[in-house]
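**Student:** What follows is a single structure, and I will ask about it in a moment.
The values are calculated or read from the model by the stated rules, or taken from the named source; none is laboratory data. Note that the coordinates shown come from a computational prediction; the quantities given were computed from them, not determined experimentally. Because the Cβ atoms are built from the backbone with ideal geometry, glycine has one as well, and the counts that use them run over all protein chains shown.
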Amino acid sequence: MPKTQTSERGRDNGQARLKKTERRRQILLELKLRPHVRISELSERFNVSTETLRRDFDALADEGLVARAHGGATAPTRGHYPSLNERANARVEERERIGRRAADLVRDGETVMIDSGSTTIEMARALAYRGTPCTVITNSIPVAMTLGHGAAQVLLCPGEYLAAESAVIGTETLEFLGRFNVDRCMIGSSGFSEEGPSETVRGFAAVKRVMLHRAVERHLLIDSEKFGRKGLAHVGDLSGLQSIVVDKRPQDALLSALVAAEVEILVTEES
């Protein structure tokens, strides 16, 4: 009589298995309710193997949404980082100049991914003011609202809402972005060094990586105050950028690294 083989993958406890996106959303929800979740516990609850849960945890950690811990995961911790509103009230003139210069790059009829940030909002305002007809895909609610009543067609990503950033992040956001090929993307970052752009806000680095991957032309909008800073999560290498739009020309090691990576430096004009 043949043996009956059982495995975690094939077991059936009468519970319907969740799809990957929903399962990962549930993991993030659990971490809002308690400080630590265990793979063994969630494997039983979701009726999937521990290997499947490890892949979920690793993917969420890569997105900056969880911190891996022994046997499970915890919510990521970080020091205070200014909210979107706080950043929007600092260095306003510099960011406006960067936004206008970046808007110059967008041609009529192009498709553009724009991520969330105080400087990318300024770019959206410049596009709206000029009435540039284009299609914009964004995870930023202010960017969508700014462009939504003008000549641009706007697609707003789904995902987990970050109130402090007025933006969405997470697995659903990344999967949505991955469906499109665009002419160019416009991203910001928390820090910028010879290693490339980096990000401090939870979940933002993963969004920027997908946008860079899906775009033909890739531009970083960065305030010179962030030169030399390194955020928690590395976004990508300098070689992944076509240009940076800045208020001041970088110097020393950062300039040398940009020249070596053949990244065009677009410096805004003084008002």
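**Student:** Taking region 165-197 as the search range and keeping residues that are among the polar types (S, T, N, Q) and crowded, with 24+ Cβ neighbours inside 10 Å, which one is nearest to Asp62 (Cα to Cα)? Give the derivation first.
**Tutor:** Looking only at region 165-197, we keep the residues that are among the polar types (S, T, N, Q), and these are 166, 171, 173, 181, 189-190, 193.
Those still in the list that are crowded, with 24+ Cβ neighbours inside 10 Å too: 171, 189.
Values: Thr171: 11, Ser189: 17 Å.
Once the filter is applied, the top-ranked residue is Thr171.
**Student:** Oh, and also: Residue by residue through region 236-256, note down the ones that are surrounded by fewer than 16 Cβ atoms within 10 Å (Cβ to Cβ) and charged (D, E, K, R).
**Tutor:** Within region 236-256, Asp237, Lys248, Arg249, Asp252 meet the criteria.
**Student:** From (1) at pLDDT 95 or above; (2) crowded, with 19+ Cβ neighbours inside 10 Å; (3) assigned to a helix (DSSP H, G or I), pick out the condition that doesn't hold for Ile137.
**Tutor:** (3)
**Student:** Restrict the check to region 198-207 and report whether at least one residue is part of a strand (DSSP E or B), assigned by TED's automatic domain parsing to the domain that holds Gly236 and either buried (at least 18 other Cβ atoms within 10 Å of the Cβ) or touching a Leu at 6+ places or on another chain (Cβ under 9 Å) (or both). Step through it out loud before you land on a result.
**Tutor:** Of the residues in region 198-207, the ones part of a strand (DSSP E or B) are 198-199.
Applying the additional criterion that residues be assigned by TED's automatic domain parsing to the domain that holds Gly236 yields 198-199.
Cutting the leftovers down to either buried (at least 18 other Cβ atoms within 10 Å of the Cβ) or touching a Leu at 6+ places or on another chain (Cβ under 9 Å) (or both) gives us 198-199.
Yes, there is a match, as at least one residue in region 198-207 is part of a strand (DSSP E or B), assigned by TED's automatic domain parsing to the domain that holds Gly236 and either buried (at least 18 other Cβ atoms within 10 Å of the Cβ) or touching a Leu at 6+ places or on another chain (Cβ under 9 Å) (or both).
**Student:** Condition test on Ala90, is it surrounded by fewer than 15 Cβ atoms within 10 Å (Cβ to Cβ) and either modelled with pLDDT under 80 or among the β-branched types (Val, Ile, Thr) (or both)?
**Tutor:** Against the criterion (surrounded by fewer than 15 Cβ atoms within 10 Å (Cβ to Cβ) and either modelled with pLDDT under 80 or among the β-branched types (Val, Ile, Thr) (or both)), Ala90 qualifies.
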